[in-house]
Amino acid sequence: MKCIELNSEGNFDPWDPSKLKELQKKEFDDRIGQKLLFENKTIKVWEVILFPGERLPFRKISGNYNFTSMTEGLAVSRSANGKISLVRINKGDSMFMKHEGQESIYDFENIGDNILFLHAMEFKPLVEKTDGLKVRFEI
């Protein structure tokens with residue numbers, strides 16, 4: 001997977017006005033994918049299928065997750081800080097997104113000719129128990 005920065009943070013001049021309006025509404029989803037395939041006390045597994053021209057709207061993500069691509073394609077991702085990245089995805093590519101509770105707001109759009117098919121594994125946050133130990137779930 002290769003990411004190329006098309007636009008730097010803080011510069012909203014080249015942005016499509018409809019995307020800026022969407023950001024200003026602040027109606028963000030917190031789902032990583034379109035369809036939840038599996039969930040237990042520690043993880044959620046999501047599916048994303050984007051046909052050419054389809055897009056996941058802006059989402060507010062604060063958890064860590066890993067995604068793996070089942071297909072190759074080309075995408076663009078816009079961040080609420082103004083950054084725009086071009087993403088070249090190869091079949092089998094995997095990437096870990098570390099948020100550690102810090103909120104990030106971004107979208108993801110298929111701008112290629114192929115269907116993008118991704119699986120994402122979202123890691124639920126650690127739960128701190130009263131004895132100071134951190135665990136992934138309550139026992």
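Please name all residue pairs, on different chains or six or more residues apart, with Cβ atoms under 7 Å, provided the first residue is in the stretch 1-18 and is touching a residue at least 60 places away in the same chain (Cβ under 8 Å) and the second residue is exposed (fewer than 10 other Cβ atoms within 10 Å of the Cβ) and of a type outside the set (G, A, S).
The qualifying pairs are N7/P14.
When Q34 is evaluated against the numbered criteria (1) without any contact (Cβ under 8 Å) to a residue 40 or more places away in the chain; (2) over 20 Å from S104 (Cβ atoms), which criterion, by number, is the only one it fails?
Q34 satisfies every listed condition except (2).
Tell me the residue from G10, G33 that is touching a Phe, Trp or Tyr at 6+ places or on another chain (Cβ under 6 Å) and outside any helix (DSSP H, G or I), please.
G33
Take the conditions surrounded by fewer than 17 Cβ atoms within 10 Å (Cβ to Cβ) and farther than 23 Å from K26 by Cβ and apply them to I49. Does it pass?
yes
Given the conditions (1) at pLDDT 95 or above; (2) farther than 22 Å from M1 by Cβ, and given that D30 satisfies all but one, which numbered condition is not satisfied?
(1)
With the requirement that a residue be hydrophobic (A, V, I, L, M, F, W, C) and either in contact with an Asp or Glu (Cβ under 6 Å, 6 or more places away or on another chain) or at pLDDT below 95 (or both), what does the stretch 106-137 give you?
F123, L126, V127, L133, V135, F137 - these are the residues of the stretch 106-137 that are hydrophobic (A, V, I, L, M, F, W, C) and either in contact with an Asp or Glu (Cβ under 6 Å, 6 or more places away or on another chain) or at pLDDT below 95 (or both).
Specify the residue that is farthest from E27 (Cα to Cα); the eligible residues are those in the stretch 64-110 that are polar (S, T, N, Q) and not in a strand (DSSP E or B).
Per the stated criteria, the residue is N90.
The values are calculated or read from the model by the stated rules, or taken from the named source; none is laboratory data. Here the structure is a predicted model, which means the values were calculated and not measured. Cβ: placed from backbone, ideal geometry, glycine included. Neighbour counts: every protein chain shown.
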